[in-house]
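One structure is given here, and the rest of the page talks about it.
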Amino acid sequence: LLGDGKLLKQVLQAGDSEGLRPEPGDRVQVHYSCRLASASELLDDSRGRGCPSSFVLGQGEVILGWEHALPSMRRGERAALTVHPDLAFGEAGCAGGAVPSTRKCKAPEEANLHFELELLEVQRGGGQHCGAWDQLSEEERLLEASRCKEEGNAQFKAGQAREAAEAYRRALQLLGQEDLEATGTSSRDDADSAWSDVLRQDSRQKLALACRLNLCQCLLKLEQHVLASQQASAALKLEPGNAKALYRRGLALVGQGQYQQAKADLLEAARKEPRNAEIRAQLQECQKRLQDASDMQKQAYGGFFGQGGAHKEAGSREASLRL
């Protein structure tokens, strides 16, 4: 990355192609593992601890290797880094000698470190909107999540669907439901125990529902239909039978070509809101696409069997002539 061989990077998993790249002053959240480049034993592993690292880039909170590598990454990217001691812990070493001092090595490269670094989140301006998540009280998390939601609403109205989606994701992270798109499951059950106050639990659930629905809308706008259907399903877990969630999941399924499943969702949404003209219109469009798909399938099979029948009839005539 620097042209001198002291910082090598290999992309293991590409991130969001249009996602934010962190800049100095941005707060980032990462998962990482660390080992000596010459050994296989892990020295540190944030995933093993279940605790990602959060810091402001450019403030000297982490090693120089990370400071230089992170601006080249996008949200969701996972990369392997080989870091020279000059960009890590230098002559001092660390961890009680687990990372050796370069003075004790026959060659400085023996103290090279190998990291696997995954960029989970980027917040512009040092996290002014959402702060240090793990240090906030329940009340502070609710307030900050609500602020993130309002920020997302304003961005969506301004036509900035991608930025709005990031704001809703930050809000969900504050509410303990951030891992859905990474794992396909919601962290709601694990996080509920941390919200002991009944009133705050109720407020959290309502806010999370709104953010899930709004994030789903952003993803529909971005034509990310699989992710949109996941968010709608998560919203339905928070409030079974929610008409907006059913409607938006139906749209996401239409976008995936799953017309039969989409029809079921749109029908249920129409039953719950019979006067909603938009739902009825989308239901009619879904039924039309389903019928078109059925007609095309019949034509395909009909043509196949028709050709078979024609060949059989021609064969019979030929046999008769021979007789």
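The values are calculated or read from the model by the stated rules, or taken from the named source; none is laboratory data. Quantities reported herein were computed from a predicted structural model and do not represent experimental measurements. Because the Cβ atoms are built from the backbone with ideal geometry, glycine has one as well, and the counts that use them run over all protein chains shown. The protein model used for the area step is the full one, side chains on, heavy atoms only, and it has no ligands, DNA or RNA in it. Shrake-Rupley method; radii C 1.70, N 1.55, O 1.52, S 1.80 Å.
Miscellaneous remarks
- For the pair LYS206 and GLU278, a Förster radius of 22 Å applied to the C-beta separation gives a FRET efficiency near 0.40, rounded to the nearest 0.05.
- Maximal additional length on extending the ALA37-GLN59 stretch stands at 5.3 nm, based on 0.36 nm per residue less the C-alpha distance.
- Modelled FRET efficiency - R0 25 Å, LYS157 with GLU239, Cβ distances, 0.05 increments: 0.55
- Net charge of Cβ neighbours under 14 Å - reference GLU285; Lys, Arg +1; Asp, Glu -1: +1
- Rounded to the nearest whole Hz, the Karplus-based 3J(HN,Hα) values (6.51 cos²θ - 1.76 cosθ + 1.60, θ = phi - 60°) of region 18-28 follow the sequence 10, x, 5, 9, x, 10, x, x, 7, 8, 10, with x at glycine and proline.
- Cross-link table LYS237/LYS272; LYS206/LYS263; LYS221/LYS298; LYS263/LYS288, entries beyond 22 Å C-alpha to C-alpha: LYS206/LYS263; LYS221/LYS298
- Backbone N under 18 Å from the GLU140 label point (7 Å along Cα→Cβ), restricted to region 41-83: 52-56
- Model label sites at LEU222 and ASP16, defined 7 Å from Cα along the beta-carbon direction, differ in position by 0.4 nm.
- Using R0 = 51 Å, the C-beta based FRET efficiency linking SER72 and LYS298 works out to 0.45.
- Protein accessible area in region 32-80, 1.4 Å probe - carbon and sulfur %: 47 percent
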